[in-house]
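Take a look at the structure set out below.
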Amino acid sequence: MNFKLITNYSPNFNLKKRNLKQIKFIIFHYTGMKKETEAIKKLTDSKSDVSSHYLIKNNGQIILMVPDLYVAWHAGSSYWKNYKSLNKNSIGIEISNSGHDFNYKKFSKQQIRSILKLSKFLIKKYKISKKNILGHSDIAPTRKKDPGEKFPWKYLAKCQIGLWHSIPKTILKKNRTKTVNALDKINYYKNLSKIGYQIKNSKNMSKDKLLNFVTKAFQRRFRQELINGKIDQECLMISKNLAKKLN
């Protein structure tokens with residue numbers, strides 16, 4: 001381990017240890033609170049019922065809150081491919097950031113360095129696949145926006161952490177906001193399903209509303225310049241490219 005950990009344990013975890021082989025995902029979050037001290041307090045408060053395995057502070061310090069082999073309560077109601085309630089199969093990493101409700105800002109260079117070090121360590125230790133490095137909004141698109149469109153997914157993918165598409169920027173820009181036909185939309189949603197997004201109808205909302213949320217989550221991850229929930233040729237191209245990578 002080429003980084004230091006400080007400990008501030010949370011009481012919010014399942015007491016039964018899980019098998020090492022159950023760990024298949026890394027889920028990134030932002031804290032979404034004005035003050036870092038408030039976020040740490042909430043994650044370690046027994047009354048809050050939330051926690052994460054790690055928290056990365058603004059200065060890059062990494063706090064261990066729940067040891068890896070215990071299930072932390074970070075994902076909530078969540079879906080990815082055939083997985084439901086991803087807490088039991090994932091490691092949750094919270095990153096200090098005020099989030100969309102409180103002047104969402106860029107992640108610091110120190111934080112990004114720590115994300116790299118911690119992720120590489122966990123990927124190697126638990127043999128986690130690139131396709132299983134996700135954001136909270138990927139697995140809970142109707143509820144969450146984090147870690148958001150300022151999270152450096154493209155840079156992390158270059159460092160072998162997570163997936164990214166391989167389409168040149170110039171081609172993508174030409175296709176941004178270009179309309180799609182009915183068949184294109186069907187293919188786009190098929191691609192999203194192959195990638196892992198949950199596009200089945202929800203009991204609590206209309207199909208159109210659900211698909212809008214999912215598209216925004218996809219855009220926050222893979223088309224960060226424009227998050228509007230609308231499908232265009234650029235989104236279609238990116239989804240097709242990623243779906244092919246996963247086959």
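The values are calculated or read from the model by the stated rules, or taken from the named source; none is laboratory data. Keep in mind that what you see is a predicted model, and the values were worked out from it rather than measured. All Cβ positions, glycine included, derive from the backbone under ideal geometry; neighbour counts span all protein chains shown.
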Among residues belonging to the stretch 1-18 that are loosely packed, with under 11 Cβ neighbours inside 10 Å and either touching a helix residue (DSSP H, G or I) at 6+ places or on another chain (Cβ under 7 Å) or not in a strand (DSSP E or B) (or both), point out the one that is modelled with the lowest pLDDT.
-> M1
Considering every residue within the stretch 19-26, establish whether at least one is surrounded by 11 or more Cβ atoms within 10 Å (Cβ to Cβ) and assigned to a strand (DSSP E or B).
-> yes
All positions within the stretch 175-211 that are at pLDDT below 95 and not in a helix (DSSP H, G or I) = Q198, I199, K200, N201, S202, K203, N204, M205, S206
Those residues that are among the hydrophobic types (A, V, I, L, M, F, W, C) and over 22 Å from T44 (Cα atoms), I need them from the stretch 11-27; list them, please.
-> L20, I23, F25
Any pair with Cβ under 7 angstrom, 6 or more apart, that starts in the stretch 43-70 at a residue that is within 10 Å of S10 (Cβ to Cβ) and ends at one that is acidic (D, E) and surrounded by 16 or more Cβ atoms within 10 Å (Cβ to Cβ) | L43/E94; S52/E94; H53/D68; L55/E94
Residues of the stretch 27-50 being charged (D, E, K, R) and either in a loop (DSSP other than H, G, I, E, B) or on the phi > 0 side of the Ramachandran plot (or both), in sequence order, are K34, K35, D45, K47, D49
In this structure, is G99 at pLDDT 95 or above, on the phi > 0 side of the Ramachandran plot and either in contact with a Ser or Thr (Cβ under 9 Å, 6 or more places away or on another chain) or loosely packed, with under 15 Cβ neighbours inside 10 Å (or both)?
-> yes
Taking the condition in the same structural domain as N103 (by TED's automatic domain parsing) and either among the aliphatic types (A, V, I, L, M) or surrounded by fewer than 22 Cβ atoms within 10 Å (Cβ to Cβ) (or both), does K131 pass?
-> yes
State whether one or more residues within the stretch 213-231 are out of contact with any strand residue (DSSP E or B) (no Cβ under 6 Å at 6 or more places or on another chain), at pLDDT below 95, surrounded by fewer than 21 Cβ atoms within 10 Å (Cβ to Cβ) and of a type in the set (G, A, S).
-> no
Residues of the stretch 212-247 being part of a helix (DSSP H, G or I) and among the basic types (K, R), which ones?
-> K216, R220, R221, K240, K244, K245
